[in-house]
Every structure is written in structure tokens, then in C-alpha cells.
Amino acid sequence: MSAYSIALFLHLVGVLTLFAGIGLEQTGLRQLRNATSPAQIREWMMVLRRLRRFDGPAALLILVTGGYMAMRGAGQHAWVAAGIVGMVLMAAFGAGVGRPRFIAIGKALPQADGPISPTLRERLQDPILRASAATRAALGVAVVFDMVVKPAALGAVSVFIIALAVGAATAVRGLGARGALAGND
């Protein structure tokens, strides 16, 4: 057993924890979109708030152990830099795009049960929130791809461009579905 193998193990624990959080977030967002009462929304908002207890520490564990492994053996390669950029982009989408929208949902959520207001329903159906979560998931897969395949610079960047395109496609799909729903009213 070496320090490197322990770092690799902890790195993988961080990755597994982060992806568990991504999966729970995707489930939570779907449940929010399908909620029929403020009580259901509150329940899933509580789950989503608690995810932050895991996401940040998991990302920190990934970056610290990844940095250690880069200094001890992985070296300075494009795929290492791409992994760091991917993690930063994931955090930026989460904090800069997702978090303000979750705060807006919380502010629009009534304390008492009753019907879901049109404003709250609109925030729950926000295609940008959905796209942000999908983009972070796609970026996470891109980081894992780069860590496993270890492509040269062009390949490492191409994978991230594809991941960002997946997020953009999710937003467009969400906007199209939103328009179709508005047409059915």
C-alpha cells in the first residue's frame, strides 16, 4: 500500500460521491417539476439543499487527491488541466446558474399548503435550471472520460465541447417543451 494508491482510492470515493449527488439532483429536479403541492416541493427542496453537504467536500477531495496524484505521477498533461477546468466549470454552473434559481424557487414557495402559483410552477419548469444540471452531469462524464482515456489537448477539449453542447441541447429541448405546454393551456 502506498500513499498514491490511498490518494487514488480517496479520489474515486470523491468521484462516486459527486456522481451520487448528481443523480439525486436529477431525481430531485424531476420531482420538483412533477410536484402537485407545496409540501412535495418543500420535501424535495430539503433533499436538494442537503446535497450541498456532500458536493463541496466531494469536489474538494477530488481536487486535492487529483493534485497529489498529478504531482506524484500523472504529471502535467492536457487531460489533467482539462479535468481541473471541468471541475471549475461544474462549480460555476452550480453556483452561478443553479443556486440563484433554487433560491428563487424557495422564495416563491408558500409556507402553507395550497395550489402551486403560476410563478412557482414557472420556476420549477425553468429550462435553464434543467440545462445547468444536465451540463454539470455531462461535464462530470467528460472529466471521467479524460481521466481514463488521457487524450491529447485537442481530444480533451473536444470532449468538453460535446458536454457543453449536451447542456445547450437540454436547454433547447426544455424551451421547446415549455412552449408546447404553453400552447396546450
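Taking the C-alpha atoms only, the angle from helix 99-108 to the longest principal axis of the chain is near 20 degrees.
Test of understanding: what is the full-extension gain from Arg53 to Ala20, defined as 0.36 nm times their sequence separation minus their Cα-Cα distance?
Details: separation 33, 0.36 × 33 = 11.88 nm, distance 1.25 nm.
Taking 0.36 nm per residue and subtracting the Cα distance, the gain is 10.6 nm.
The helix-based estimate of mean residue ellipticity at 222 nm for the chain, built from -39,500 (n - 2.57) per DSSP H run of four or more residues and divided by its residue count, is -28500 deg cm²/dmol to the nearest 500.
For the chain, which whole percent of the accessible surface, found with a 1.4 angstrom probe, sits on carbon and sulfur atoms?
Values: 7140 of 10370 Å².
That fraction is 69 percent.
Ranking Ala3, Met69, Pro127 by how far each Cα lies toward the positive end of the dipole of the chain (charges on Cβ) leaves Pro127 at the top. Extension gain, Val149 to Ala95, is 16.6 nm, computed as 0.36 nm per intervening residue step minus the present C-alpha separation. Against the main long axis of the alpha-carbon atoms of the chain, helix 3-34 sits at an angle near 10°. In the stretch 1-63, taking the dipole from charged Cβ atoms about the Cα centre, the farthest positive-side position among Gln40, Phe54, Gly23 is held by Gln40.
In the context of the full set of protein chains, residues of the chain present 56 Å² of accessible surface per residue (probe radius 1.4 Å, heavy atoms only).
Computed from backbone phi, the HN-Hα couplings of the stretch 140-151 come to x, 5, 4, 4, 4, 4, 4, 5, 8, 7, 6, x Hz, rounded to whole numbers (Karplus: 6.51 cos²θ - 1.76 cosθ + 1.60, θ = phi - 60°; Gly and Pro given as x). With contacts taken as Cα pairs under 8 Å and at least 6 residues apart, the stretch 1-92 reaches a relative contact order of 40 percent.
Helix 78-92 against the longest principal axis of the chain: what's the angle in degrees, Cα atoms only, rounded to the nearest 10? Taking the Cα atoms of the chain, the angle to 78-92 is about 20 degrees.
The values are calculated or read from the model by the stated rules, or taken from the named source; none is laboratory data. Worth saying up front: this structure is predicted, and the values here are computed from it rather than measured. Reconstructed Cβ throughout: ideal geometry from the backbone, glycine too, with neighbour counts over all protein chains shown. Protein only, heavy atoms only, side chains kept; ligands, DNA and RNA dropped before computing areas. Shrake-Rupley method; radii C 1.70, N 1.55, O 1.52, S 1.80 Å.
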